[in-house]
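So the structure is just underneath, and the comments pick up after that.
All of the numbers you see were taken from the coordinates with simple rules; none came from a lab. From a predicted model like this one, the values you see are computed outputs, not experimental measurements. A quick note on method: Cβ atoms are made from the backbone with ideal geometry, for glycine too, and the neighbour counts reach across all protein chains shown.
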Amino acid sequence: MARLCIIRNIDSAHGKNIHGHTFRLEFNFIGEVVNNMVDNIDFHEISPKIDKVVDNLNHTYIDDVIKVRATVENIAIYLLKELKNIESLYSVVVYEGQEKYVEILKSEVKENL
């Protein structure tokens, strides 16, 4: 088993007292190693899907985009829901600044959250 990661950074505002952050987003994928490659994970196929979702959050007031209070937990859940069709997606990590983050596993997100 192997884990691969795609990392993106966004600059956005959030909160009742509007303020901005640089958020680091990590998209973790898992797959079996077959013939020295990770099976069913193609960065060239996955990256555009991630970029489309991430671009919708960059330089925005995130609360308006995700339709709930933009905590790191809610941002991670939003990203997981938007990318739910990527079968090998294992988890999303969202950093607020450099020292605080959350990791949420795709298997923990229910559609009705």
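Is the shape of segment 47-113 best called rounded, prolate or oblate, per the rule: a/c under 1.5 gives rounded, else a/b larger than b/c gives prolate, else oblate, with a ≥ b ≥ c the square roots of the Cα gyration tensor eigenvalues?
On the way: a/c = 1.33, a/b = 1.19, b/c = 1.12.
Verdict is rounded for segment 47-113.
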Trypsin sites (Lys or Arg not before Pro) within segment 1-32, DSSP loop, no more than 11 other Cβ atoms inside 10 Å: Lys16
Would you mind checking which residues have amide H under 5 Å from Thr60's amide H? H placed 1.01 Å from N; only 5 or more apart, or other chain. Ala13
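Over its Cα atoms, what ratio of radius of gyration to 2.2 N^0.38 Å does the chain give?
Values: Rg = 14.3 Å, N = 113, 2.2 N^0.38 = 13.3 Å.
For the chain, the normalised Cα radius of gyration is 1.08.
For segment 35-110, run through the trypsin sites (Lys or Arg not before Pro) and keep only the ones in DSSP coil with at most 15 other Cβ atoms within 10 Å of their Cβ. Each step should come with its number before you reach the end.
Working: sites: Lys49, Lys52, Lys67, Arg69, Lys81, Lys84, Lys100, Lys106, Lys110; in loops: Lys67, Arg69, Lys84, Lys110.
For trypsin sites (Lys or Arg not before Pro) across segment 35-110 that sit outside H, G, I, E and B with at most 15 neighbouring Cβ atoms in 10 Å, the list reads Lys67, Arg69, Lys84, Lys110.
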List the GluC sites (Glu not before Pro) within segment 74-113 that DSSP assigns to loop and that have no more than 11 neighbouring Cβ atoms inside 10 Å. Glu87, Glu99, Glu111
Tilt of helix 72-82 relative to the longest C-alpha principal axis of the chain, in degrees (0 to 90, nearest 10)? 50
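Could you list, in their original order, any pairs among Lys49/Lys100; Lys16/Lys67; Lys16/Lys52 whose Cα atoms are separated by more than 20 Å? Could the numbers behind the result be given before it?
Working: Lys49/Lys100 26 Å; Lys16/Lys67 13 Å; Lys16/Lys52 26 Å.
Beyond 20 Å: Lys49/Lys100; Lys16/Lys52.
Using R₀ = 22 Å, calculate the FRET efficiency as 1/(1 + (r/R₀)^6) where r is the Cβ-Cβ separation of Ile18 and Lys52; round to 0.05. Provide the component values of the computation, followed by the final result.
On the way: r = 25 Å, r/R0 = 1.16.
For Ile18 and Lys52, the calculated efficiency is 0.30.
In whole percent, what relative contact order does the chain give with Cα contacts below 8 Å and a gap of six or more residues? Walk me through the numbers on the way to the answer.
Numbers: 187 pairs, mean separation 32.4, N = 113.
So the answer I get is 29 percent.
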